[in-house]
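Report on the structure given below.
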Amino acid sequence: EEKQRANIIRPIDRGVVHQICSGQVIVTLSTAVKELVENSIDAGATKIDIRLVECGSKLIEISDNGSGIEESNFEGLALKHHTSKITEFEDLGSISTFGFRGEALSSLCALSNLTVITRHKDNDQKVGHKIEYAHGGTIASRTRCARECGTTVILKDLFYTLPVRHREFIKNLKREFHRMVNVLYGYCLVVNGVRISCSNVVGNGRPSEVIAVPGFSTMRERIVAVFGSKQLSSLIEIKQTDAVPSEILSEFGLPEEAYERKYELEGYISQPNQGRSSNDRQFFFINSRPCDPAKISRVINEVYHSFSRSQNPFVCLHIRTNRENVDINVTPDKRTLYVQNEKILLAILKATLIPIFTAAASSYHSLSSQ
Ligand code: ADP
Ligand code: MG
């Protein structure tokens, strides 16, 4: 009889399904923090403060001065696929916000203890609300409290509902933390006029400042704010070429007339002899979205290595193109993008970088032979 029962197809408990799926949306500390920072940016914040305890494993707290959350949205906030940002599927083509799936808070809530403190900008009673959510996304408790306009999201004990993931997370905490800081650097480099700070407390120690950048409006200023002026002075500006030579076009299997000004490049890259030993400072953005474009990164590194074999470049590259040329809905973390006519973009990059590196290299050679 036992055996027969085991063969019956039954629905998995909804709470369990939710937990399993949430583990695929929020995979690491980096994805958790990234989602919360994006929510703050989407809410129009100009100031975002991140407070971590034990590198984020005990507590992650993100406070912003954005729009806040309306009382009518408290119920749906942490429920799956509840979002204020997209209502129709057709909207997908015109998304300008980072979020659109309504999955982040619902997933975070299944994987940790979620508390939200918020006051909406139109709330003139001058009080905020503190809402604690149960793992399933429903409200567990709700009280009034003092709060300026904006939102604070608090996550306690990330991943503790998934014991295996939690153990791995704690084991690799240092590495996870460094990855997360790198992801934050990405936002610091691309967002315009948003002050971002991040601090971390370990043991009984005092909070140590991890990141503190004022909201600057140019990439140049932001690079200096994040990495210092010494880093900037080792870089050259990426000025986009006007023409792609036919041998580069054919290298990418493109016809003679393929070059179109569909993409606009803005960025900085190491001079050929001033790279780094590791490739940990490479930041790519498409239409202001931090991303990990594998092929773009490969071409850039290959061209660099043809000038400087043993070093890796610092790269900060922003590619702008019409929204219909990119699909961001490829992976849950939206860091893999599908770029239309990517080969043309790769050819443009190569044709842009070769003359820049050639010029920089010849100027050292003439300096050193003087
Ligand atoms: P998405 O960002 O895809 O809409 P989330 O789960 O990240 O989904 O957030 C759900 C909703 O909660 C958002 O659509 C937004 O309305 C609200 N929200 C989340 N974080 C904030 C915040 N920091 N400030 C204001 N509203 C927020
Ligand atoms: Mg979101």
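Summary table below
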{"quantity": "Virtual paramagnetic centre 7 Å along Cα→Cβ of Ser297, amide N under 16 Å, in region 304-342", "calculated": "304-305, 312-319, 331-339"}
{"quantity": "Restraint check, Lys174/Lys230; Lys262/Lys295; Lys171/Lys230; Lys174/Lys239, Cα-Cα greater than 28 Å", "calculated": "Lys171/Lys230; Lys174/Lys239"}
{"quantity": "Kirkwood Rh and Cα Rg combined as Rg/Rh, region 210-282", "calculated": "1.10"}
{"quantity": "Axial C-alpha extent at least 18 Å, average Kyte-Doolittle at least 0.5 - helices from the chain (DSSP)", "calculated": "342-368"}
{"quantity": "Contour minus Cα-Cα distance for Lys262 and Tyr364 (0.36 nm per residue)", "calculated": "33.4 nm"}
{"quantity": "Residue-averaged [θ]222 nm for the chain, counting only DSSP H segments that reach four residues, each worth -39500 (n - 2.57)", "calculated": "-10500 deg cm²/dmol"}
{"quantity": "Förster radius 22 Å - calculated FRET efficiency between Asn182 and Asn322 (Cβ-Cβ, nearest 0.05)", "calculated": "0.15"}
{"quantity": "At R0 = 25 Å, FRET efficiency that the Cβ-Cβ distance of Ser217 and Thr97 yields, to 0.05", "calculated": "0.75"}
{"quantity": "Inter-label distance, nm, simple model (7 Å from Cα along the C-beta direction), Val210/Lys156", "calculated": "2.0"}
{"quantity": "From phi via Karplus (6.51, -1.76, 1.60), per-residue ³J(HN,Hα) for region 315-327 in Hz, x at Gly/Pro", "calculated": "9, 9, 10, 10, 10, 10, 7, 4, 4, 6, 7, 10, 10"}
{"quantity": "Length added when fully stretched, Glu251-Asn172, from 0.36 nm per residue minus Cα-Cα", "calculated": "24.3 nm"}
{"quantity": "Whole-number Å³ per residue for the convex hull built on Cα positions in region 32-178", "calculated": "120"}
{"quantity": "Length released on extending from Thr143 to Lys239, taking residue separation times 0.36 nm less the Cα-Cα span", "calculated": "29.2 nm"}
{"quantity": "Label point distance in nm, Asp280-Ser229, each placed 7 Å from Cα along Cα→Cβ", "calculated": "2.6"}
{"quantity": "Per-residue Cβ neighbour rank within 10 angstrom, fewest leading, Arg179, Arg167, Arg222, Arg119", "calculated": "Arg167, Arg179, Arg222, Arg119"}
{"quantity": "Using alpha carbons only: equivalent-ellipsoid semi-axes of region 234-368, gyration tensor based, whole Å", "calculated": "25, 19, 12"}
{"quantity": "Region 108-212, Cα convex hull volume normalised per residue, Å³", "calculated": "149"}
{"quantity": "Compactness of region 132-274 as Cα Rg over 2.2 N^0.38 Å, two decimals", "calculated": "1.56"}
{"quantity": "Least to most buried among Thr115, Thr352 (fewest other Cβ within 10 Å first)", "calculated": "Thr115, Thr352"}
{"quantity": "Once the Cα gyration tensor of the chain is diagonalised, semi-axes √(5λ) in Å", "calculated": "41, 25, 21"}
{"quantity": "Within the chain: Cβ-based charge dipole about Cα centre, in debye rounded to nearest 20 (Lys, Arg +1; Asp, Glu -1)", "calculated": "1180"}
{"quantity": "Ranked list, fewest to most other Cβ atoms within 10 Å of each Cβ, for Asp64, Asp122, Asp333", "calculated": "Asp122, Asp333, Asp64"}
{"quantity": "The chain - percent relative contact order, Cα under 8 Å, separation 6 or more", "calculated": "14"}
{"quantity": "Cα lying deepest toward the dipole's positive end in region 14-164, options Ser141, Cys109, Gly68, charges on Cβ", "calculated": "Ser141"}
{"quantity": "Summed residue charge, Cβ within 11 Å of Leu353's Cβ, Lys/Arg positive, Asp/Glu negative", "calculated": "+1"}
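Bear in mind that the values in this text are calculations on the coordinates, not laboratory data. These numbers were taken from a predicted model, which means no experiment stands behind them. Because the Cβ atoms are built from the backbone with ideal geometry, glycine has one as well, and the counts that use them run over all protein chains shown.
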